[in-house]
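Everything on this sheet refers to the single structure shown next.
Every read-out reported here was derived from the displayed coordinates using simple, explicitly stated rules and does not represent laboratory data. Bear in mind that the values here come from a model prediction, so they are computed numbers and not experimental data. All Cβ positions, even for glycine, are placed from backbone atoms using ideal geometry, and neighbour counts span all protein chains on display.
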Number of protein chains: 2
Amino acid sequence: MPLLVTGSIGIDTVTTPYGVSENCIGGSAVYFSMAASFFTSVRLIGAVGSDCPFDLAEVFAGRNVDLAGLERRSLSKTFRWKGSYHDTMNEAITEKVELNVLSEDPPVVPDQYKDSKFVFLANTAPALQHKLLEQIESPTFVAADTMNCWIVGHLDPLKALLQKIDCLIINEDEARALAGERNLVTAGRKILDMGPRVVIIKKGESGSMMCDDEGQTFILPAWPSAEVKDPTGAGDSFAGALMGYLAKSRKTDFDSLKTAIAYGTVVSSFTISDFSLQGLISINKSDIDNRLKTLAKLTKF
Amino acid sequence: MPLLVTGSIGIDTVTTPYGVSENCIGGSAVYFSMAASFFTSVRLIGAVGSDCPFDLAEVFAGRNVDLAGLERRSLSKTFRWKGSYHDTMNEAITEKVELNVLSEDPPVVPDQYKDSKFVFLANTAPALQHKLLEQIESPTFVAADTMNCWIVGHLDPLKALLQKIDCLIINEDEARALAGERNLVTAGRKILDMGPRVVIIKKGESGSMMCDDEGQTFILPAWPSAEVKDPTGAGDSFAGALMGYLAKSRKTDFDSLKTAIAYGTVVSSFTISDFSLQGLISINKSDIDNRLKTLAKLTKF
């Protein structure tokens, strides 16, 4: 079943203790689509400016990623992000952001995408996420990501969005900020009260946690990576594999969500093993399945 | 099979967002023994001064903790620690330490303890850990804990100790410092090269990781605690339950170590649910076994 994603397409410059990757392709929708394409066909909605040095058709060549929702705006500039990671590389330090095309009107949903059942709204202004979602006829499972700046500055539209989605996928600091609660288990429960039936909290190298409105909980450690070269896109790859697995299996019960989280964990571990998309480009589905089996073994007692 | 432990017995004053616990009983050997006593008989070696307000026989009443190795020194003062936890409570802020009896000669190992097969050397000066270990005739499985101050200031005796033990149980910051390596997986491997056949890294609310010299790895999340009142003693309770289970089962193969870590995870989750020993005093073995079963369910996909 096709999976719809809307999010950013960016030009990233990333510095880590392993080196610098200048003007490489990035953005939430790009990492998400690449990760999801191992599982199902992807419908990408996003916009780039005239300065975009990447041919997205080439980036996704041989993968099942539909670019009918990609807008090339001749009078706009592409979103750019410059950041760095230090020490344990758990946190990105943003050095420069140029929103550019992301500060304009959001892309239009093509008619042939409006029947999408599985939808992911990557991080952007909650009002825009809402606007996009309204164009989808009758989605089955909608997940969204958000960020501290929207929690602080746009709480009302964010709360309105939470009423409309099934699942929030969010990192631990954002979960604490949104819930106003330092304990993550309690924070998860408080966010469930705001609307979604499932909350998935990403904890970086500490793994992830899921809770749902029936009182069920799932916890999974991160893959024990011996070498992390560039954490950029880890969260988006996690969400991409997770949603890709769900769309492929057409199921959203708790057991399916558990397997989906395990796939998200595994695919994001490949993402961070190299700069930009290199870690994802160099693998195939059987690498992912093998690592999933190993992860199950590593965590079983 | 009896389990020998040597470590501190202390008078703690702890402040957390949930309140203050003044002059309560603490110390690594106390938390360890309490946790281990759910599994096996414990032989405690430690010392207190004349100012100690606690009757250890009363503290451990009804539990299988042998106090023949407890020294009451009339001219000494008991170890005292004053600390606090803030925000996410992941880190203890030490406000005051009075080593007192811990800065004197270590306690003597009673003759009847010298046949101990399972031994835990809780955190203290590595030379003292070494001195104590030399008094044990032919131990089967020796585990030790250590701390940043020994890694920085006493690296040579610590490295000598690592040659003599089977297992190091250490927290993540200490593992990074000891290995001189920020990546925990690589840090674990580097510590294995220093001597022990097993390294267990405690990551607080992020769970734990184990690796051994045969290339095996195990990772487990922490119990998802909705309320953490006082993290003091979590690491010592973890080690106590872990070693208690191994001594009880008389096995130290990798599968047994996995189950031991799961027991450590569960018992420490009870410790942090209340101040001082309250969380451990209020439970029984079946509470522990039930939570272990739930943990297995929560982490399975």
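Summarising the label geometry, the points placed 7 Å from Cα in the beta-carbon direction at B:Thr94 and B:Lys190 lie 2.3 nm from one another. If R0 is taken as 51 Å, the Cβ-Cβ distance between A:Glu104 and A:Arg250 corresponds to a FRET efficiency of 0.90.
Taking each DSSP H run with n ≥ 4 as -39500 (n - 2.57) and averaging over every residue of chain B yields -10000 deg cm²/dmol at 222 nm.
Calculate log10 I(q)/I(0) of the protein assembly as shown for q = 0.06, 0.13 Å⁻¹, where I(q) comes from the Debye formula with a single equal point scatterer on each Cα and nothing for solvent. So the normalised log intensities are -0.35, -1.26. Rounded to two decimals, the Cα radius of gyration of the stretch A:3-298 over 2.2 N^0.38 Å is 0.92. Quick check on the stretch B:47-198: take the gyration tensor over C-alpha atoms, sort the square-rooted eigenvalues as a ≥ b ≥ c, and tell me if it's rounded (a/c under 1.5), prolate or oblate. It comes out oblate by the Cα gyration axes.
Using a cutoff of 8 angstrom between alpha carbon atoms and counting only pairs six or more residues apart, the relative contact order for the stretch A:37-140 works out to 24 percent. Shape call for the stretch B:209-300 from the C-alpha gyration tensor, a ≥ b ≥ c root eigenvalues: rounded (a/c under 1.5), prolate (a/b greater than b/c) or oblate? Cα axes put the stretch B:209-300 in the prolate bin.
Could you compute the net charge surrounding A:Asp274? Neighbours are other residues with a C-beta less than 12 Å from the C-beta of A:Asp274; K and R count +1, D and E count -1. Neighbour charge sum, excluding A:Asp274 itself: -1. Taking Cβ atoms as reference points and 15 Å as the exclusive limit, the residues near A:Ser50 contribute a net charge of -1, counting Lys and Arg as +1 and Asp and Glu as -1. Taken along the Cα-to-beta-carbon direction at a fixed 7 Å, the label points for A:Ser286 and B:Asp156 span 5.5 nm. Pairs with C-alpha atoms separated by more than 29 Å, drawn from the list B:Lys131/B:Lys229; A:Lys117/A:Lys202; A:Lys203/B:Lys190; A:Lys114/A:Lys203; B:Lys96/B:Lys131, are B:Lys131/B:Lys229; A:Lys114/A:Lys203. Just report the Cα centroid separation between the stretch A:199-231 and the stretch B:230-300, whole Å. Taking the Cα centre of each part, the stretch A:199-231 and the stretch B:230-300 sit 22 Å apart. Counting other Cβ atoms within 10 Å as a rough exposure proxy, the listed residues A:Val185, B:Val65, A:Val97 run A:Val97, A:Val185, B:Val65 from fewest neighbours to most. Based on alpha-carbon centroids, what's the gap between the stretch A:90-163 and the stretch A:1-37 in Å, whole number please? Between the Cα centre of the stretch A:90-163 and that of the stretch A:1-37, the gap is 16 Å. Counting Lys and Arg as +1 and Asp and Glu as -1 over every other residue whose Cβ lies under 14 Å from the Cβ of A:Glu98, the net charge comes to 0.
In order along the stretch B:46-55, the Karplus-derived 3J(HN,Hα) couplings, from 6.51 cos²θ - 1.76 cosθ + 1.60 at θ = phi - 60°, round to x, 9, 10, x, 5, 7, 5, x, 9, 9 Hz, and Gly and Pro are given as x. Between identical copies, the spacing of A:Asn290 label points, each set 7 Å from Cα toward the C-beta atom, reads 4.4 nm from nearest to farthest. In this calculation the C-beta distance from B:Arg182 to B:Val20 is compared with R0 = 22 Å, giving a FRET efficiency of 0.05. Contact order for chain A, expressed relative to its length and based on alpha carbon pairs under 8 Å spaced 6+ residues apart, stands at 18 percent. Whole-percent P(r), the stretch B:146-301, all Cα pairs, 10 Å bins from 0: 11, 40, 34, 14, 1. With label points defined 7 Å past Cα in the direction of Cβ, position A:Asn64 shows copy-to-copy spacings of 5.8 nm, given to one decimal and shortest first.
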